[in-house]
1. How high is the relative contact order of the range 153-201, in percent, with contacts defined as C-alpha pairs under 8 Å that are six or more residues apart?
2. To check my understanding: the extent here is largest minus smallest coordinate of the Cα atoms along each principal axis. What are those three numbers for the chain, in Å, largest first?
3. Note down the relative contact order for the range 78-196 as a percent, whole number, built from C-alpha pairs under 8 angstrom at least six residues apart.
4. Based on DSSP H assignment, which helices of the chain show an axial Cα extent of at least 24 Å together with a mean Kyte-Doolittle hydropathy greater than or equal to -1.0?
5. For the chain, set up a GNM with springs between Cα atoms under 10 Å and report which of Leu69, Leu38, Leu211 has the largest fluctuation.
6. If the viscosity is 1.567 mPa s and the temperature 4 °C, what Stokes-Einstein diffusion coefficient in µm²/s follows for the range 67-150 when Rh is the Kirkwood radius over Cα pairs?
7. Given R₀ = 30 Å, what would the calculated FRET efficiency be for Thr52 paired with Ser88, taking r from the Cβ atoms and rounding to 0.05?
8. Quick one: among Thr100, Thr164, Thr39, which has the greatest mean-square fluctuation in a GNM of the chain with alpha-carbon springs under 10 angstrom?
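The values are calculated or read from the model by the stated rules, or taken from the named source; none is laboratory data. All of these numbers come straight from a predicted model, not from anything done at the bench. Heads up, the Cβs are rebuilt from the backbone with ideal geometry, glycines too, and the neighbour counts pull from every protein chain shown. Ligands, DNA and RNA are stripped out before the accessible areas are found, and what is left, the full protein with its side chains, is counted by its heavy atoms. Shrake-Rupley method; radii C 1.70, N 1.55, O 1.52, S 1.80 Å.
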Amino acid sequence: MTFQRRRRIVRRQRTGTALLVVALISFLAGMTDAIGLLTVGDFVSFMSGNTTRAATAVAEGNFLRSLILLGSLAVFVVGNAMGTIVASRFRAGGVLCCVTLILALAAAGGDHLPNVLRFYLIVLAMGVVNASVEHIEGLPIGLTYVTGALSRFGRGLGRWIIGTGNMQWTIQIVPWIGMLGGAIVGAILEYRFGQLSLWAPAILAGLLCVLVLMIPGRWSRRYAQR
């Protein structure tokens, strides 16, 4: 086997592993977002939605609700910063361990936690998880939001149609598929088990943490922004 062929095989394996991780983390994000929306009544990873809701709350004169929603934006930003700091030292495995602990805390609190605090904990977890995988072989990828992914998918499709692009844009549909599947499962769990359904994303995050820790370090280091 030539060096170039071996290199191509390793790259395909590395890319395939990264796509699997992205799909599973997006599934986790979709599940958490659906459960969070049905449990606390607001989005926990869709900050565009919370921005719009905060603006409409101001127009309605509901300033307390507006402040709570604006607070979620700040918590989401802090979560992303925390995730980046953790990823710089412990890579994706450490990020997912943090997400597991935060979601487990939100689930364990149950009715003892104020609704706003539970909301913020879930938002924090969704901010942190974004730092687990930031790109695949140099291509940016989103985990808890799919507007950017769909936009990149559409632009890539347009370039391919006019003959000026490659097929790498097709991977952008992976997080959307993962999030859609996760949201469906999350909604079903919430309707069936109520607040107890929060344990599902916490457990899934823990399993993903174990899975990612099994990935060679030289591969997982490539997931973070350099």
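1. Taking the mean separation of contacting Cα pairs over the length of the range 153-201, I get 23 percent.
2. Principal extents (Cα only, largest first): 65, 40, 33 Å.
3. Working: 112 pairs, mean separation 28.1, N = 119.
Normalised by residue count, the contact order of the range 78-196 is 24 percent.
4. Working: long enough: 3-40 (54 Å, 0.55); 63-109 (40 Å, 1.69); 173-193 (30 Å, 1.38).
Helices passing the filter in the chain: 3-40, 63-109, 173-193.
5. Looking only at Leu69, Leu38, Leu211, the largest GNM fluctuation is found for Leu211.
6. Values: Rh = 13.3 Å.
It diffuses with D of about 97 µm²/s by this estimate.
7. Details: r = 33 Å, r/R0 = 1.09.
After rounding, the FRET efficiency stands at 0.40.
8. Greatest mean-square fluctuation among the candidates belongs to Thr164.
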